[in-house]
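Colleague: Before anything else, here's the structure in question.
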Amino acid sequence: MRKIGYLGPRGTFSDQAALQYLGEEQAELVPCNTLEDVCRSVIEGICSEGILPIENLIEGSVNPVLDLLLETPQVTIQAEFMLPVAHYLLAPSERSLSEIKTVLSHPQALSQCRQYLANHLPQAILVPVESTALAAKRLVEEGGHGMAAIAPLASANRYGLAILDKNIQDQPHNCTRFVVIGTEPVPMKNDTYKTSLAVSAIDCPGALHSILKEFAWQGINLTRIESRPAKTYLGEYIFYIDLEGHRCQPEVAEVLQKLADESRGISILGSYPASRRLQGQEPEPSMATLQSLRSDIDLIDRQLVQLLGKRLKLVKRVGELEQQQGSVKEPSPPKEQQVQVAAIRQLAVQQGLSPDVVEKSYRLLLDYFVQI
Ligand SMILES: O=C(O)C(=O)Cc1ccccc1
């Protein structure tokens with residue numbers, strides 16, 4: 001029987017996330033006391049999978065989870081999905097908000113309701129606890145008159161608490177992205193994938209640019225990038241990057257190898273099927289208006305010319321530097337040119353273009369730049 005670890009006790013958002021993930025499938029749900037315990041239960045084989053909240057619409061990344069994924073290379077991300085998150089203000093029995101002196105909840109939940117708490121409960125002391133459902137449970141166990149908890153509706157039902165207010169999160173359509181972790185990497189099949197990785201950059205000018213340009217060069221779309229302190233010294237960062245594609249796709253594998261060679265180090269946190277939201281995100285071309293499609297084409301034409309302008313500047317700069325250093329480069333030998341042209345033709349095919357037309361245009365431009 002599958003065993004799935006999640007942040008307990010019963011009634012947390014992670015519990016709901018585990019149920020949503022399973023759908024009709026059967027599994028034993030194993031409540032864990034902390035997010036670290038969820039990870040440990042997977043590493044030690046107690047659970048086959050674990051559920052972790054990774055990113056929230058209001059608060060952004062769940063930093064302890066990013067740290068945890070980096071620190072535990074034994075686990076890999078196997079899936080992702082979104083869970084709508086509505087927060088409820090709960091108390092042991094009906095009472096007015098002015099009577100509430102303490103509000104308990106998970107730090108994420110307290111942050112997601114910051115505006116509500118400042119406006120409606122300015123007198124309350126906020127107490128972070130390990131999970132929303134633990135906060136609800138403590139109300140029952142301690143029964144304090146001036147205590148309230150922020151938790152999901154499921155916690156109100158499970159622990160028999162009164163609902164003082166509902167939907168108290170700062171954004172009505174709040175949601176959290178959860179990931180499923182396991183020990184086995186997900187093989188590449190016929191699906192839309194995402195890959196998450198962490199890159200430790202070398203501290204030098206253009207470090208981030210040199211990472212990003214590799215993805216741009218291969219036409220790989222990034223869906224998220226953010227930095228976290230490397231925790232070595234102030235000013236050194238790790239970049240967390242999510243990209244569209246599987247680590248086994250040749251163009252993704254090539255970039256990952258380049259980054260491994262050229263950065264301080266990379267960790268691949270997993271390649272996994274993209275959640276349906278991402279898969280459906282891109283509007284069908286037929287849905288876009290004719291006018292907006294035409295203006296996109298105009299924009300690309302402008303960008304093509306702007307890129308040629310940038311290339312021209314670089315060619316001139318190279319010429320100046322060669323003159324200064326007295327090392328004027330001979331034209332590339334035919335072999336080198338052949339390799340370059342072959343790469344351009346291959347790229348043209350990948351993009352659904354005629355390799356002959358692209359080669360012709362490329363050679364025309366090369367001749368022009370050589371004459372300058
Ligand atoms: O404490 C919980 O219920 C959790 O599962 C962590 C959490 C808290 C707030 C939003 C999403 C997940």
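The values are calculated or read from the model by the stated rules, or taken from the named source; none is laboratory data. All figures in this text were calculated on a predicted structure; none of them were measured in a lab. Note that we place each Cβ from the backbone using ideal geometry, even for glycine, and neighbour counts take in every protein chain shown. SASA here: full protein model, heavy atoms, side chains in, ligands and nucleic acids out. Shrake-Rupley method; radii C 1.70, N 1.55, O 1.52, S 1.80 Å.
Colleague: Considering only C-alpha atoms, what is the centroid distance from segment 62-106 to segment 185-248, in Å?
Modeller: Each part's Cα centre sits 26 Å from the other's.
Colleague: In addition: Go ahead and set up a Gaussian network model of the chain, Cα springs under 10 Å, then flag whichever of N190, N167, N56 fluctuates most.
Modeller: Answer for the Gaussian network model of the chain: N190.
Colleague: Continuing with the same structure: Here are some pairs, K3/K166; K310/K360; K194/K360; which of them have Cα atoms lying more than 25 Å apart in this structure?
Modeller: Beyond 25 Å: K3/K166; K194/K360.
Colleague: Working from the pairwise distances between different alpha carbons, so that the mean of 1/r is found and then inverted, what is the chain's Kirkwood radius in Å?
Modeller: After inverting the mean inverse Cα-Cα distance, the result is 24.4 Å.
Colleague: Only Lys, Arg, Asp and Glu count, each charged at its Cβ (+1, +1, -1, -1), so figure out the dipole size of the chain about its Cα centre, rounded to 20 debye.
Modeller: Computed charge dipole of the chain: roughly 520 debye.
Colleague: If you don't mind, another one. Check E236: other-chain or 5+ apart residues with amide H under 5 Å from its amide H, H built from backbone geometry?
Modeller: A230
Colleague: Now, a different point. Straight distance only, please: which aspartates and glutamates reach the Cα of K213 with their own Cα at less than 18 Å, same-chain residues fewer than 8 apart left out?
Modeller: Of all the aspartates and glutamates, those that pass the test against K213 - Cα under 18 Å, at least 8 places apart if same chain - are D203, E226, D242, E244, E251, E254, D261, E262.
Colleague: Using a basic spin-label model with each label point 7 Å from the Cα along Cα→Cβ, how many nm lie between V140 and I372?
Modeller: Taking the two extended label points, one gets 7.3 nm.
Colleague: Considering only DSSP states other than H, G, I, E and B, which chymotrypsin sites (Phe, Trp or Tyr not before Pro) in segment 208-241 qualify as loop sites with at most 13 other Cβ atoms within 10 Å?
Modeller: Answer by residue number: Y233.
Colleague: Just to verify a number: FRET efficiency for T232 and S210, C-beta to C-beta distance, R0 = 22 Å, to 0.05?
Modeller: 0.65
Colleague: Of V140, Q249, Q218, which is farthest on the positive side of the dipole of segment 102-260, counting Cα position, with +1 on Lys and Arg Cβ, -1 on Asp and Glu Cβ, and the Cα centre as origin?
Modeller: About the Cα centre, the residue reaching furthest to the positive side is V140.
Colleague: On to the next question. Compare P273, P334, P205 in a GNM of the chain, Cα atoms joined below 10 Å, and give the one with the largest fluctuation.
Modeller: Most flexible of the set in this elastic network: P334.
Colleague: Which is the longest stretch in the chain that no exposed loop site breaks, taking sites as trypsin sites (Lys or Arg not before Pro) with a DSSP loop state and at most 13 other Cβ atoms within 10 Å?
Modeller: 3-188
Colleague: Here is a follow-up. Cα centroid distance between segment 1-38 and segment 296-372, in Å?
Modeller: 54
Colleague: Which value results when the Cα radius of gyration for segment 290-371 is divided by 2.2 N^0.38 Å?
Modeller: On the way: Rg = 16.1 Å, N = 82, 2.2 N^0.38 = 11.7 Å.
The reported ratio for this selection is 1.37.
Colleague: Still on this structure: Select from E44, E336, E226 the residue whose mean-square fluctuation is largest in a Gaussian network model of the chain (Cα-Cα springs shorter than 10 Å).
Modeller: Of E44, E336, E226, the Gaussian network model singles out E336 as fluctuating most.
Colleague: While we're looking at this one, here's another question. Expressed as a whole percentage, what fraction of the accessible surface of segment 290-371 belongs to carbon and sulfur atoms when a 1.4 Å probe is rolled over the protein heavy atoms?
Modeller: For segment 290-371, the apolar C and S fraction of the accessible surface comes to 60 percent.
Colleague: Helix-only mean residue ellipticity at 222 nm, the chain, DSSP H runs n ≥ 4 weighted -39,500 (n - 2.57), per residue, nearest 500. What is it?
Modeller: -13000 deg cm²/dmol, from helical runs alone.
Colleague: Pulled fully out, how much extra length does the chain show between L364 and V127, if you take 0.36 nm times their separation in residues and subtract their Cα-Cα distance?
Modeller: On the way: separation 237, 0.36 × 237 = 85.32 nm, distance 6.84 nm.
Gain in length upon complete extension: 78.5 nm.
Colleague: Indicate the gyration tensor shape class of segment 88-168 (rounded, prolate or oblate), computed on the Cα atoms with a ≥ b ≥ c the square roots of the eigenvalues: a/c under 1.5 is rounded; otherwise a/b larger than b/c is prolate and the rest oblate. Provide the component values of the computation, followed by the final result.
Modeller: Working: a/c = 1.38, a/b = 1.16, b/c = 1.19.
It is rounded, given that a/c, with a ≥ b ≥ c, falls under 1.5.
Colleague: Still on this model: If R₀ is 51 angstrom, what is the calculated FRET efficiency for the pair D296 and Q26, using the beta carbon separation as r and rounding to 0.05? Numbers along the way, then the final one.
Modeller: Details: r = 48 Å, r/R0 = 0.93.
Computed FRET efficiency for D296 and Q26: 0.60.
Colleague: Let me ask something additional. Students sometimes get this wrong: rank H246, H106, H209, H120 by accessible area, probe 1.4 Å, all chains present, largest first. Walk me through the numbers before you get to the answer.
Modeller: Numbers: H246 0, H106 35, H209 125, H120 90 Å².
Highest to lowest solvent-accessible surface, that is H209, H120, H106, H246.
Colleague: Further question: Quick one: Karplus J couplings for segment 207-217, per residue in order, coefficients 6.51, -1.76, 1.60, θ = phi - 60°, nearest Hz, x for Gly and Pro?
Modeller: Along segment 207-217, the couplings run 4, 5, 4, 5, 6, 5, 5, 4, 5, 4, 4 Hz.
Colleague: Taking +1 at the Cβ of each Lys and Arg and -1 at the Cβ of each Asp and Glu, which of L90, Q123, L153 sits farthest along the dipole of segment 88-168 towards its positive end, judged by Cα position relative to the Cα centre?
Modeller: The one lying farthest along the dipole's positive direction is L153.
Colleague: Give me the number: length gained by fully extending R95 to A118, i.e. 0.36 nm times residue separation minus the C-alpha to C-alpha distance, one decimal in nm.
Modeller: 6.4 nm
Colleague: Consider all pairwise Cα distances in segment 31-101 and report the whole-number % of them above 21 Å.
Modeller: Result for the distance tail: 43 percent.
Colleague: Still on this structure, I have one more. Check which residues have an amide H placed less than 5 Å from L164's amide H, if you skip close sequence neighbours.
Modeller: The answer is L89, L90, A91.
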